[in-house]
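The values are calculated or read from the model by the stated rules, or taken from the named source; none is laboratory data. This structure is a prediction, so every number in the text was calculated from the model and none was measured. Don't worry about glycine lacking a Cβ; one is built from the backbone with ideal geometry, like all the others, and counts go over all protein chains shown. To get the accessible areas, we keep the full protein, side chains included, count just its heavy atoms, and leave off ligands, DNA and RNA. Shrake-Rupley method; radii C 1.70, N 1.55, O 1.52, S 1.80 Å.
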Amino acid sequence: MPAVDDSRVCVVGGGYVGLVTAAALAESGHEVRVVEADAGRRAALRQGRSPIHEPGLDELLARLVRAGSLSVTDDVAEAMRGAGMAIIAVGTPPLPDGHADLSQVCAALCAISAVAGKDTVVVVKSSVPPGTTRELPRLAGLRAGAPPLVVCPEFLREGNALEDVRNPARIVVGGDDRAACARVLALFAHLPGHRVATDPTSAEMIKYGANSFLALKISFINEIAHLCELAGADVQAVADGVGSDPRIGRAFLNAGLGFGGSCFPKDVRALEETAGYHGHSFWLLKAAADVNALQRRRFVARVQELLGGRLAGRRVAVLGVAFKPGTDDMRQAVSIDIVRHLQDLGARVSATDPVALDNAARLMPGVRLVADAYECVRGADAVLLVTEWPEYAALDWERVAASLRRRVVVDGRNLLDGAAMLELGFTYAGVGRPVMRPKPARTLRGSGRGRLELVDGAGGGAPVSRPGSARPGPRRDAARSA
Ligand code: UDX
């Protein structure tokens, strides 16, 4: 068996986690070879271009590829030559039944094991449900003598990935082979952050526990937001007040349209499935997923309500389709559901996004996708803010107002300044906040008894929630009837 060197790292999978991990390791002096199966991605990478939109990644990859510290191939054997570390960073997409699809992880492990040196350590960075890694050699059909496996989950956020990988809050390493764990800790020794060394199943549980807890937090604040709408409170103030308790924390208490992306929806579902496998019903996770789905329907119901109860024939403009700002990733983006729902109710939808339109095209049939936000909103009956790109807060809203058919803004991320919108004559509705409406014009109307009297204008639609306007007791949930 050839001698191996821990400064040589093979990364299998050139997706988000793989590329960012590879770049960070190469940047810190390692010689990194990325194995990527997709020819288009390989070609882009060889030219030092990132196949995904991630701030700063293009520049970093270009520099590393030029310097020769990061290279790309489709051949695991070539990438493994002399490598002490093999990192598995392939996808684990959800199967129709909610289980994580482990086929790419198993294939990567087989390919690595076939060419691994005597002392090679295999690092599992792909998110795999708790209990998986100990079973992996068997699942992959490997006999005894397979390289030691160490779980080292990744916590990077898209749009913020380089910052997260350079300044992690913690590095978690879980394995049954202590020496292998120590070598993985040494690989990341240059990074700051808390260290957690544990067994593989606990390391896997940390990843799923963290993502599920954050998802729970989001669904919790969205439930509070709904209650705020019913009771006449403002969820922004509530989140600030609740979140200022250090035991709770303000992060991930932003009410809005709920969570999307490649991790939270998948991981919540996979952990619930894992619980089910062990005969445990994890009700909190089921509730988090249900609330997340309901949140999208509530939003569309609110749009409908603000447009006088009817969406058929209305023109609706959607600002932002990526699952969050800073990325072109459309995986599990809330915009997909919202647009489909609007179309089902007869609305004509146009949408815009600074970077995700190419990826959105095949996911949004029948939607007019336009790069220019002003063009997107022209003639619309309502503008819906779906992804909180800062560009949309910076729009010339006076210009937007002048080009609309109706001045209605429904802000799904509480990004915009409601008072400023009101001044421009908009009806402004955020999530979990009272609707703000311009004062209706007072007009003279015949009383029927030969006199004229002043009456409030119609204001364009159904009743809206105002502080203190809600009666105590249950109310019909508009979302369920939409
Ligand atoms: C997440 C985890 O944060 C990261 O640690 C893990 O490794 C991968 O999954 P990411 O999916 O990139 O990262 O995005 P994140 O910023 O966590 O947001 C996830 C979703 O939650 C987005 O759809 C976002 O819009 C939503 N969200 C987030 C809220 O609705 N409210 C919040 O307060 C925070």
Tell me which of MET205, ALA402, ALA239 sits at the most positive position along the dipole axis of the chain, charges placed on C-beta atoms (Lys, Arg +1; Asp, Glu -1). ALA402
Taking a cut-off of 17 Å between Cα atoms, list the lysines near LYS286, but don't count ones fewer than 8 places away on the same chain. LYS217, LYS266
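Once fully extended, how much extra length lies between GLU135 and ALA67, figured as 0.36 nm per residue of separation less the alpha-carbon to alpha-carbon distance?
That works out to 20.6 nm of additional length.
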How high is the FRET efficiency between SER403 and PHE252 when r is their beta carbon distance and R₀ equals 25 Å, given to the nearest 0.05? 0.10
Can you list residues whose amide H is under 5 Å from LEU385's amide H, if they're 5+ apart or on another chain and H is modeled 1.01 Å from N? LEU319, VAL410, ASP411, GLY412
Could you give the nm distance between label points at ALA144 and ASP58, where each point is 7 Å from its Cα heading toward the beta carbon? 5.4
Sorted by packing (mean other beta-carbon atoms within 10 Å per residue), highest first, where do 376-382, 69-75 land? 376-382, 69-75
C-alpha center-to-center spacing [the range 386-414, the range 245-267] in angstrom: 24
Heavy-atom accessible area per residue of the range 319-375, all protein chains kept, 1.4 Å probe, expressed in Å², is 42
For the range 91-225, dividing by residue count, accessible area per residue (probe 1.4 Å) in Å² works out to 42
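Would you calculate a helix-derived [θ] at 222 nm for the chain, using -39,500 (n - 2.57) for each DSSP H run of n ≥ 4 and dividing by the full residue count, to the nearest 500?
-12000 deg cm²/dmol
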Indicate, rounded to the nearest 5 percent, the antiparallel portion of the DSSP beta bridges found entirely in the chain. 15
Computed about the Cα centre, the charge dipole of the chain from +1 Lys/Arg and -1 Asp/Glu charges at the Cβ has a magnitude in debye, to the nearest 20, of 1800
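What trypsin sites (Lys or Arg not before Pro) does the range 133-168 have in DSSP loop regions with at most 10 other beta carbons within 10 Å?
Sites meeting the loop and neighbour criteria: ARG143.
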For the chain, calculate the relative contact order in percent as a whole number, restricting contacts to Cα pairs under 8 Å that are 6 or more residues apart. 12
Within the accessible area of the chain, what % is carbon and sulfur when the probe is 1.4 Å and the other protein chains stay in place? 53
What value in Å³ per residue do you get for the convex hull of the alpha-carbon atoms in the chain? 161
With r defined as the distance between the Cβ atoms of ALA393 and GLN47 and R0 fixed at 30 Å, what FRET efficiency is calculated, to the nearest 0.05? 0.30
With a ≥ b ≥ c taken as the square roots of the eigenvalues of the C-alpha gyration tensor of the range 1-157, please select rounded if a/c is under 1.5 and otherwise prolate if a/b is larger than b/c or oblate if it is not? oblate
Computed label-point distance, nm, for sites VAL242 and VAL196 using a 7 Å Cα→Cβ extension: 2.3
How would you order 401-412, 311-322 from highest to lowest mean count of nearby Cβ atoms within 10 Å? 311-322, 401-412
Where in the range 189-265 are there trypsin sites (Lys or Arg not before Pro) that are in a DSSP coil and have at most 10 other Cβ atoms within 10 angstrom of their Cβ? ARG247
Rounded if a/c under 1.5, otherwise prolate or oblate - the range 186-231, Cα gyration tensor axes: prolate
